[in-house]
Structures are given as C-alpha cells and as structure tokens.
1. Filter the stretch 68-98 down to the residues that are small (Gly, Ala, Ser) and either in a loop (DSSP other than H, G, I, E, B) or at pLDDT below 85 (or both) and list them by number.
2. In this structure, is Lys100 charged (D, E, K, R), surrounded by 10 or more Cβ atoms within 10 Å (Cβ to Cβ) and in contact (Cβ under 8 Å) with a residue 24 or more places away in the chain?
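The values are calculated or read from the model by the stated rules, or taken from the named source; none is laboratory data. Since the model is a prediction, treat every value here as computed from it, not as a measurement. A quick note on method: Cβ atoms are made from the backbone with ideal geometry, for glycine too, and the neighbour counts reach across all protein chains shown.
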Amino acid sequence: ENGSQNKLGELTFALSTDRLSAEVRNKVLITIGMLAAMLAIMIVGIRQVLNSLVLDPLESLTDALEALAEGNVDIHIPADLKVREVAALAHVLEVFRANKLEADALSVEHAKALEIEVKRRETTEALVQGFDQRPRRLAGDLSRVARGLIDIASTMADTAKETGRQSAEVTHAAEQAS
C-alpha cells in the first residue's frame with residue numbers, strides 16, 4: 001500500500017490515500033459531468049428563448065421585407081413581439097407597407113389622370129382638325145357654287161345676246177314687212 005505510516009507508541013496506523021484519491025476523483029468527475037449537463041441544458045434553454053424572442057420574429061420580418069421588396073403588400077407582420085428592437089423593426093415594416101400601398105394608389109390615380117388628359121387632347125385635336133376642315137370644305141363648296149353661278153350667268157348672257165340678236169332680226173324683219 002502506498003500510504004504513510006505513523007508510529008505512536010506501539011500502535012501503527014496505516015492510511016491508504018489511493019481509495020480516498022479515487023473517491024475524490026469520482027466526485028470531481030461527477031461534479032464536472034453535472035456542471036457540463038447543466039451548462040448544456042442552459043445553452044439549449046437560452047437558444048430556445050433567443051429563437052422564440054429574436055431569431056424567429058427576425059426571420060418572419062425578413063420574409064415580409066423580401067415580399068414587400070418584390071411588390072407584394074399582402075404580407076403578415078407579427079404584432080405580438082416581445083423584444084423592443086424587433087417590435088420597432090415590425091413597426092418600420094408596417095410603415096413601408098403603408099407607403100407602398102399609398103404609392104400604388106397614387107400611381108393608379110396618376111395613370112387615370114394621364115389617360116383622361118390624353119383623351120382630352122385627342123378630342124381637342126379632333127375638334128380643331130374638324131374646325132380647320134369645315135372652312136376648307138365650305139370654301140370648296142362656295143367655289144363650286146360660284147363657278148356654277150358664273151356658268152349660269154355666262155349661259156344667261158349668251159342667251160340674252162341671242163335673244164337680243166333674234167329680237168333685232170324680228171324687229172328688222174317687221175320693219176321691212178311694214
């Protein structure tokens with residue numbers, strides 16, 4: 001045995017440290033194992049808390065932001081967030097969503113106003129062209145009527161000349177017959 005021996009008078013005591021060392025070593029190993037197990041349990045618990053309070057909501061917000069960036073405003077924004085910073089991000093996301101909805105509405109209104117303006121311009125242009133064409137048509141019609149009147153006047157003048165000539169012949173014949 002590896003121990004120390006002490007002599008007291010006639011009695012001899014022998015203590016074995018091997019057994020004591022083995023027990024201490026076992027107790028230390030058990031304590032270290034228990035501490036490691038408790039540390040592992042704490043790490044898993046902290047991870048779960050972080051997941052539920054921070055990481056899962058951040059992932060949900062990230063998905064919502066990506067959908068909003070693609071133009072989709074039909075997104076779910078979590079409202080029951082417990083971490084102040086994550087809740088602030090959710091609020092900012094809701095502001096972005098509201099701004100996107102307003103911008104889309106304004107874009108639709110602008111497109112409608114632009115369409116109305118284009119139709120108004122087309123109508124005005126058609127009226128102006130119609131107005132420009134009416135006097136031209138009227139002038140053309142008047143020119144044709146004037147030419148017709150000139151032709152009629154010329155025919156009437158020729159007829160009057162002929163009538164005058166015939167009248168002079170009749171008068172001349174009547175004078176000779178008398």
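1. Ala69, Gly71, Ala79, Ala87, Ala88, Ala90
2. When the stated conditions are applied, Lys100 passes them.
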